[in-house]
Amino acid sequence: MERESVRFVSGDAECAAWYYPGSNGGCVVMAGGFGVTKEPGTDLFAPRFQRAGFGVLAFDYRRFGESGGSPRQVARVGEQLVDWQAAISYAGSVPGVERVAVWAFSLSGGYIFPIAARNPQLAAAIAQTPNADGPAASRNAARHQKPLTMLRFAGRAVADGLGSLIGRPPLLVPLVGPPGTVALLTTPDSLQTNEALNPGNKYSDWIQAVAARSALRIAAYRPGRAASRVKIPLLVVVADQDQTALAQPSIDAAAQTPGAELLRVPGGHYAPFLEQHDVVVEAEIAFLTKHLVATDRQPT
């Protein structure tokens with residue numbers, strides 16, 4: 001695996017990224033899910049894409065990982081969409097890159113719908129187990145949490161939001177935890193996060209927590225509504241038993257996208273990282289080859 005550390009400006013900060021050189025003129029811009037940095041979020045897929053000939057730009061959102069920006073661990077949807085635009089622009093400026101695609105999963109996978117709709121110059125897009133409907137996902141998540149704990153979480157989120165107005169540091173909550181703990185997610189398949197993304201604590205520097213205020217906007221965010229405006233090739237990958245980012249809203253979004261391809265696999269939210277990894281990554285490489293590689297460069 002060959003990659004180099006690069007940085008690009010987004011808004012008032014610099015975003016850190018890994019760039020994997022490719023050989024076929026295509027480049028896939030990638031980011032991890034909610035609160036997930038570039039290494040645990042993309043390391044399992046990016047080298048496979050590179051071996052297939054694609055360049056890859058895997059980046060951290062501002063305020064996370066190696067990127068700049070403060071306060072830390074605060075996820076803002078609007079800012080992260082701006083970070084995507086900056087990453088796409090940077091990838092397109094790399095010498096030898098002729099066509100750019102985007103790939104993301106979970107909350108970031110939901111971003112793929114508006115990103116693809118706003119960037120008709122992209123060659124292709126992949127939304128893997130995307131959170132296409134925040135309210136639906138939030139209602140389902142509530143089924144796996146205790147009522148009193150939900151009230152405690154809401155209180156912390158409101159307190160964090162109010163504290164931010166007077167410059168207080170963020171109140172952090174874990175990304176995942178068992179029911180009864182104040183955590184962003186307590187769904188059964190979310191508890192596979194470390195198994196899927198951080199086996200053996202491989203990424204010990206990854207801070208698995210976010211500012212509680214971050215959940216307020218995400219719970220109401222419905223990026224799947226942008227699907228009907230997507231005009232570029234789109235692959236939507238869903239896990240049929242996904243309890244973190246529900247499958248049906250993503251299936252519906254794919255149906256609303258002209259010409260979209262839908263890949264359904266069995267399993268929970270992290271099936272593409274675990275038992276369905278080879279099936280998913282091979283399908284994604286085939287999709288990228290079809291849409292991102294010039295005809296005279298495609299394998300015969």
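Derivation of every value follows stated rules applied to the coordinates shown; laboratory data play no part. In this text the structure is predicted, and so the values were computed from the model without any measurement. Cβ coordinates were reconstructed from backbone atoms using ideal geometry, including for glycine residues, and neighbour counts include every protein chain displayed.
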For this session: Mind giving me the FRET efficiency for ILE166 and ALA136? R0 is 35 Å, r the Cβ-Cβ distance, nearest 0.05 is fine.
Result: 0.55
Problem set entry | Column: log10 I(q)/I(0), Debye, Cα scatterers of the range 72-169, q = 0.10, 0.13, 0.21, 0.23 Å⁻¹ | -0.42, -0.65, -1.10, -1.19
Exercise. Just the Cα atoms of the chain, one point each, no solvent: what log10 I(q)/I(0) does Debye give at q = 0.08, 0.16 Å⁻¹?
Worked result: -0.31, -1.34
Exercise. With charges only on Cβ, +1 for K and R and -1 for D and E, what is the dipole size of the chain about its Cα centre, in debye, rounded to 20?
Worked result: 940 debye
For this session: Mind giving me the nanometre distance, one decimal, between the label points for GLN241 and ARG118, set 7 Å out from Cα along Cα→Cβ?
Result: 3.7 nm
Exercise. Per residue of the chain, what 222 nm ellipticity follows from adding -39500 (n - 2.57) for every DSSP H run with n ≥ 4, rounded to the nearest 500?
Worked result: -10500 deg cm²/dmol
For this session: Give the value in nm², to one decimal: projected area of the alpha carbon convex hull of the range 221-273, averaged over all directions.
Result: 3.6 nm²
For this session: Mind running the shape call on the range 51-93? Use the C-alpha gyration tensor, a ≥ b ≥ c as the square roots of the eigenvalues: rounded below 1.5 for a/c, prolate if a/b tops b/c, oblate otherwise.
Result: prolate
Exercise. For the chain, what are the DSSP H helices with axial Cα length of 27 Å or more and mean Kyte-Doolittle hydropathy of at least 0.5?
Worked result: 147-165
Seminar exercise, completed: Amide H proximity to ALA209 below 5 Å, modelled H, separation 5+ or other chain, gives LEU175
For this session: Assuming R0 = 22 Å, can you tell me the calculated FRET efficiency for the pair VAL82 and ARG225, based on Cβ-Cβ distance, to the nearest 0.05?
Result: 0.70
Exercise. Just THR129, THR193, THR37 to compare: in a GNM of the chain, with alpha carbon springs under 10 Å, which one fluctuates most?
Worked result: THR193
Exercise. With all pairs of different alpha carbon atoms counted, what Kirkwood hydrodynamic radius in Å does the range 22-66 show?
Worked result: 10.7 Å
For this session: Mind telling me which of PHE105, PHE64, PHE287 comes out most flexible in a GNM of the chain, alpha-carbon contacts under 10 Å?
Result: PHE287
For this session: Can you tell me the relative contact order of the chain? Whole percent, Cα pairs under 8 Å, sequence separation 6 or more.
Result: 19 percent
Seminar exercise, completed: Counting only residues 5 or more apart in sequence or on a different chain, those whose built amide H sits under 5 Å from that of GLY267 are ASP240, GLN241
Exercise. Of the listed peptides 15-21, 68-74, what is their order by residue-averaged count of other C-beta atoms within 10 Å, with the highest listed first?
Worked result: 15-21, 68-74
Exercise. In percent, what relative contact order does the range 1-94 have, based on Cα pairs under 8 Å that are 6 or more apart in sequence?
Worked result: 32 percent
